[in-house]
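Colleague: Let me give you the structure first, and then I'll get to my questions.
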Amino acid sequence: MEILTRLARLALLLLALAPPGAVAAEGETLEYAVKGAYLYKFGLYIEWPAGAFAAPASPLVLCVVGDDPFGAALDAAVNGEHVDSHPLQLRRLKSLTRESGCHVAYLGAAEAPREALRGVLTVSEARGGGVISFALKDNRVRFNVDDEAAARNGLLISSKLLNMALSVKSRAGKEGR
């Protein structure tokens, strides 16, 4: 949460100093700074399948697939961060395959998972485009969860994360909200 607070303060300072026409662009920058922080924080609430990591201290690989709306803000957000015992490693890819080695994959607007990817938490801007999809509600970055897609990818999402979601598409046999 500290990184979110620092990013929010920096964004507010930049907004105050920005010329009037730049405010919309700065708002989008803040939006993607928040989304970038969410990307790696999601990993704290995921139970990965056996064999997802080669060793207990292997990196958690966060991939940006396709268009990269984050730029250097994501590099700054993940620098030196860990998810449990896993240091974060950032990769930018043109496409996502089973062999990409990603644990968390942000899918750009034109990307969509073509198949279930065991051990990969897919995150997108489009609802239905991944396990988690970002949404803006009341000028805040929120998210929806497709727990059925998580099950297809062999992931178990913590009830804490499910409770923070705007909506949850439940696994077969479970009630949703």
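Results for (1) farther than 13 Å from Y38 by Cβ; (2) in a loop (DSSP other than H, G, I, E, B); (3) in contact with a Gly (Cβ under 7 Å, 6 or more places away or on another chain), shown as yes or no for each residue.
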{"site": "R127", "(1), (2), (3)": "yes, yes, no"}
{"site": "G130", "(1), (2), (3)": "no, yes, no"}
{"site": "L136", "(1), (2), (3)": "no, no, no"}
{"site": "V141", "(1), (2), (3)": "no, no, no"}
{"site": "E148", "(1), (2), (3)": "yes, no, no"}
{"site": "G154", "(1), (2), (3)": "yes, yes, yes"}
{"site": "L162", "(1), (2), (3)": "yes, no, no"}
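Colleague: Name the pairs: first residue in the range 46-63 and touching a residue at least 40 places away in the same chain (Cβ under 8 Å) and within 15 Å of R92 (Cα to Cα), second residue basic (K, R) and open to solvent by 20 Å² or more (accessible area, probe 1.4 Å), Cβ to Cβ under 7 Å, at least 6 apart or on different chains?
Modeller: V61/R91; C63/R91
Colleague: Are there strands (runs of 3 or more DSSP E) fully within the range 35-117 with at least 3 residues that are modelled with pLDDT of 95 or more and surrounded by fewer than 18 Cβ atoms within 10 Å (Cβ to Cβ)? List them.
Modeller: Because the criterion is at least 3 residues that are modelled with pLDDT of 95 or more and surrounded by fewer than 18 Cβ atoms within 10 Å (Cβ to Cβ), the strands (runs of 3 or more DSSP E) in the range 35-117 that meet it are 86-93.
The values are calculated or read from the model by the stated rules, or taken from the named source; none is laboratory data. Computed from a predicted structure; not experimentally measured. Heads up, the Cβs are rebuilt from the backbone with ideal geometry, glycines too, and the neighbour counts pull from every protein chain shown. Please note that ligands, DNA and RNA were not included when accessible areas were found on the heavy atoms of the full protein model with its side chains. Shrake-Rupley method; radii C 1.70, N 1.55, O 1.52, S 1.80 Å.
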